[in-house]
Structures are given as structure tokens and as C-alpha cells.
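What follows is a set of notes on a single structure, which appears directly below.
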Amino acid sequence: MTAAAATPAARGGLSDFFYRNSGLLTLALLLPPLLWIGLVYIGSLFALLLQSFYSLDEFSGLVVHDFTFSTYGHLFQQGNLTIILRTAVMAALVTLASAIIAFPIAYYAARYARGGWKALFYLAVMMPLWSSYLVKVYAWKLILAKEGIISWVATQLHLGWIIDGVLSLPVVGGPSLSFSYIGTFLVFVYIWLPYMILPTQAALERVPKNFIEASADLGASPRQTFRTVILPLAMPGVIAGSIFTFSLTLGDYIIPQIVGNSRPFIGTTVYALQGTAGDIPLAAAFTVVPVLIMGIYLMIARRLGAFDAL
């Protein structure tokens, strides 16, 4: 038998073998991505966790590869706790604001937009994601600057006193919007808003119209229908969007470096520790914090049915 004739026969035998052993076929198809996830993703997380149990020798500046919990003890120092709290509060506020802004936009797109208008909606939401992340952040830094367009428009409308009053507020204020927590907050909301709009819109699309009609037939007002029918059914989508906005804000290190008052967040702290400071163990311990926070958050979101809207 020639090699050309043997090849189809071998392929047919292999096909018959996998047909009789479908479990082996599934394993053969899943093995490469599982190995990739196991070695690259889970392996890197394990290496990160392992590094967090080492410590840094204060005299030599070298990593001591002895198992210890002392590095995690540094997280409970006042300055580090402030960084963690500052980041968590910012992530929560950005998530709340994104949900408030995204819901009416998603509601209109799901209930009223049709045909070309719905296509325009998707284009408008997705288009910011196509542009460079850094370009958007630097553009916002210019917009929020003291000589930026927001200050210029406020001056032209004789409303500069409003911006001055906001910037004079303790903690959140600063010399300009681009050097304040307010500016950091605004840029975070702008950058992550599409990740809240799309899951919310998908959840609202799945709200059955007959539920709304039944609520009206039973005498409920539009406000009651929204509160008791639409909002509970759309809430998994809102929670799904919050997973993105909360986690992305929690770990971002670029926006706080470019827009804000230079007070550290978790992301900027990890960047500084593994870079200029060279404290890899403490950087790894800081990185574990958002992982734990998101683990708890995902457990709560799963109980609330958020994964059904992804």
C-alpha cells in the first residue's frame, strides 16, 4: 500500500477512534487552552502569591526567600491602609456613578431604539473603545487643566466661581480639575462607562414586554412598574457591569499617575514598589488585595445572578 493510500485510511481510523471515544476527543480539544490557562495564568498567580510570602532585607535590599507573613503585616500600617481604602472608595464611587449614567442610556437603547438608531447607539458606545487608552487620558488632562476648555467655558458663562468653589473643597479639591480627585473620578467614569452600558442594555433587552403590560393592566403606575418589575430584572446586568468598572478601577495605575494629585492608589503603589523601590514582596502583597476584594465581590455577584447577564 502506498503512502498516499495509507493516509486516508489512517485518518478514517483516527476519526472512528474519536467517534467511539468522544470523551478523549473533548479532552484533546480542551487540553491546549487548559494547559495555557494553567501554566500562564494560574501559574503566574501562584508565583505572585508565593512572592508575597517573602520579605525584603532592609540592609542589603535583596529579597529573602524565607516563608513569612511579615510582608502582609506591612499592609496594616496606616499609610498602606489609607492607600487600600482610597482605591476601594474611588472604585465604588466610579461604579455607582457609571450605573446612574448608564441606566437611562441603556434603557432607551433597549426599549425605544430601533434599526439605524440602535446601530448608532452601539457605534457611539463602542467607538471610544477603539481609540488609544493613553490618548484619551491625556486628552482629558488637557480638558480638565486650569487653561482647559471646561474652565474656559465656565469663565465665558461667568460660572468660574462654581469651579473655584468645588476645587476649594477639602480632600477632593486641588489647584485645578486635572490635579484633584474630582478629575481622577471623571476620567475613570468616562473610560469605563461603556463596560457598564453594554451589560445593562443586554439585561434590559431580556425584560419581557408582557411583564410590563401585565403590571400596567394590574393598575401599577409607570414608576411602580419601573421599581418593581424593570429594575429588579435589569439588576443582574447592572451588577455584571459593576464587575468591570469596579475591578478595572481597582487595578488601574495609569489614570492616577496622569490625572490627579499624585496620591497613590493600589495600582500606582505596585508600579512604584516593583520598579523604583524594588520591593517585590510588598508589591505582590498589594496585588493580592484587589484579588481578594474581587473574589468576594464575584461571589456576591454570582448569588445575585450577574453572570446570567454577561
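Derivation of every value follows stated rules applied to the coordinates shown; laboratory data play no part. Given the structure is predicted, the values throughout are model-derived calculations rather than measurements. We place every Cβ from the backbone using ideal geometry, glycine too, and count neighbours over all the protein chains shown.
Within a Cβ distance under 14 Å of P281, other residues only, what is the Lys/Arg minus Asp/Glu net charge?
Values: positive: none; negative: D57, E58, D66, D279.
Its environment carries a net charge of -4.
In this simple spin-label model, placing a label point 7 Å from the Cα along the Cα-to-Cβ direction at both W161 and R263 gives a separation of 2.8 nm. For the chain, the mean residue ellipticity at 222 nm estimated from helices alone is -22500 deg cm²/dmol, where every DSSP H run of n ≥ 4 contributes -39500 (n - 2.57) and the total is divided by all residues, rounded to the nearest 500. Springs join every pair of Cα atoms under 10 Å in this Gaussian network model of the chain, and among L31, L273, L75 the largest mean-square fluctuation is at L31. Applied to the stretch 260-272, the Karplus parametrisation 6.51 cos²θ - 1.76 cosθ + 1.60 on θ = phi - 60° returns per-residue 3J(HN,Hα) values of x, 9, 6, 6, x, 10, 4, x, 5, 5, 4, 4, 6 Hz, with x for Gly and Pro. Bridging of K146 to lysines at a Cα separation below 28 Å is possible for K136, once same-chain residues fewer than 8 apart are set aside. Along the axis of the charge dipole computed for the stretch 191-310 (Cβ charges of +1 for Lys and Arg, -1 for Asp and Glu, origin at the Cα centre), the listed residues V259, L231, S242 are led at the positive end by L231.
Please find, in a Gaussian network model of the chain (springs between Cα atoms separated by less than 10 Å), the residue of L123, L169, L34 whose mean-square fluctuation is greatest. Ranking L123, L169, L34 by mean-square fluctuation puts L34 first. Excluding same-chain neighbours fewer than eight residues apart, the aspartates and glutamates reachable from K141 by a Cα-Cα span under 18 Å are D164, D252. Per the Debye calculation on the stretch 40-152 with a single equal scatterer at every Cα and no solvent contribution, log₁₀ I(q)/I(0) for q = 0.10, 0.22, 0.23 Å⁻¹ amounts to -0.66, -1.23, -1.25. Here the scattering of the stretch 101-176 is modelled by Debye summation over its C-alpha atoms, one equal scatterer each and no solvent; at q = 0.22, 0.23, 0.25 Å⁻¹ the log10 of I(q)/I(0) is -0.94, -0.96, -1.02.
According to the Kirkwood relation over distinct C-alpha pairs, the hydrodynamic radius of the chain is 23.6 Å. Report the Cα centroid-to-centroid distance between the stretch 252-281 and the stretch 154-188 in angstrom, as an integer. When both Cα centres are located, 23 Å separates them. Using all pairs of distinct alpha-carbon atoms, the Kirkwood hydrodynamic radius of the stretch 206-310 works out to 16.7 angstrom.
Of A139, A47, A28, the residue with the greatest mean-square motion in the GNM of the chain, using alpha carbon springs below 10 Å, is A28. Would you list which lysines come within 23 Å of K209, measuring only between C-alpha atoms, while excluding same-chain residues fewer than 8 positions from it? List returned: K118.
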